[in-house]
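Have a look at the structure below, then the notes.
The values are calculated or read from the model by the stated rules, or taken from the named source; none is laboratory data. Not measured: the values here are computed from a predicted model. Counting neighbours? That spans all protein chains shown, and the Cβs are built from the backbone with ideal geometry, glycine included.
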Amino acid sequence: MDFIPYKVNEALENVFIQIPVELFNNELYSNLNSDSILLYGLLLSRLSLSIKNKWADKDGNIYIVYSRKEAQKMLKLSDKPITKAFRKLQDAKLIYEIRSGFKKNNIIYVGKINHQPIEKTMNRIMSDSRNGENPIQDSENVRRNYKDNNKNDYSNITHSSKKKSANFEQRVYAPGELDKLYCNIENLEEGD
């Protein structure tokens, strides 16, 4: 099989399964493995089919009908990992299953994620940013300065302290120079 890269006009021709990023960094879901997270994304994508088919209970809660065999085939996993993934999602209160009977598919309710406050999910240290026109540019552009720390020069290192202190310097950019790198800048003109 040959490698065939995407062309410019083909980039969005695929159908995607959405997986909430919060499942990776929310402490409430730290017990989920990658199989359970993928399964949750797959179950979320099936909700649109349930809405189309008007599969809802008397309270208006949407449910899906999805067998373990279908999940095994879709995620290319055997019975044990799929069963474990379903159990982990149940333990995390992300799905609720109702048994339909012998040899029948269970009814599955997909639960919403319990969101953490934004302060806990941010990856950057809050004290890193400064007040100014664009603190994101200021804090993300700090880099190490290795001018004073030649890795091959061990003459200044004593046996008691083998670590050298890191020197940091700030990159300097002209105003508007980095605006094209950030997607959320609203004042970009056509053709920039």
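Yes/no per residue for (1) modelled with pLDDT of 90 or more; (2) under 21 Å from Tyr29 (Cβ atoms); (3) in contact with a Leu (Cβ under 9 Å, 6 or more places away or on another chain):
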{"position": "Ser45", "(1), (2), (3)": "yes, yes, no"}
{"position": "Lys69", "(1), (2), (3)": "yes, no, no"}
{"position": "Ile82", "(1), (2), (3)": "yes, yes, yes"}
{"position": "Gln90", "(1), (2), (3)": "yes, yes, no"}
{"position": "Ile107", "(1), (2), (3)": "yes, no, no"}
{"position": "Val110", "(1), (2), (3)": "yes, yes, yes"}
{"position": "Pro117", "(1), (2), (3)": "no, yes, no"}
{"position": "Met122", "(1), (2), (3)": "no, yes, no"}
I'd like to check which helices (runs of 4 or more DSSP H) are fully inside region 1-117 and have at least 3 residues that are without any contact (Cβ under 8 Å) to a residue 24 or more places away in the chain. 34-53, 68-75, 79-91
I need a count of the residues in region 1-42 that are over 18 Å from Lys84 (Cα atoms) and small (Gly, Ala, Ser). 1
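Per-residue answers, yes or no, for (1) within 24 Å of the chain's Cα centre (by Cα); (2) among the small types (Gly, Ala, Ser); (3) under 18 Å from Ile98 (Cβ atoms):
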position	(1), (2), (3)
Val21	yes, no, no
Ser34	yes, yes, no
Trp55	no, no, yes
Ile62	no, no, yes
Ser67	no, yes, yes
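Scan region 74-90 for residues that are over 13 Å from Ile37 (Cα atoms) and within 24 Å of the chain's Cα centre (by Cα) and jot them down. First the steps, then the outcome.
Of all residues in region 74-90, those over 13 Å from Ile37 (Cα atoms) come to 74, 76-80, 83.
Within region 74-90, Met74, Lys76, Leu77, Thr83 meet the criteria.
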